[in-house]
Amino acid sequence: MSQSEEEAAQQCVSCGIQVAGMNAARFKCPECGTNISRCAKCRKQSNLYECPDCGFRGP
Ligand SMILES: [Zn+2]
Ligand SMILES: [Zn+2]
């Protein structure tokens, strides 16, 4: 029952706020598969995200 959920590190990749429990978009980096979260605000503003692992940037 301890499937480590990525609760600890759920931060918006654009602005850095905690997105746990928020209506955040979650997806994987198309380059390296790292989980990326982005808060609703940044999604609305269409901020670019940057993968913390490989530096991939996308809309
Ligand atoms: Zn944000
Ligand atoms: Zn990546």
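Summing charges over all other residues whose Cβ lies under 9 Å from the Cβ of Val13, with Lys and Arg as +1 and Asp and Glu as -1, gives 0.
Local charge sum around Phe56 (other residues, Cβ-Cβ under 9 Å, Lys/Arg +1, Asp/Glu -1)?
On the way: positive: Arg57; negative: Glu31, Glu50, Asp53.
Local charge sum for Phe56: -2.
Since every read-out is calculated from the coordinates, none of them should be taken as a lab result. Remember, predicted model here, so these are calculated numbers, not experimental data. We place every Cβ from the backbone using ideal geometry, glycine too, and count neighbours over all the protein chains shown.
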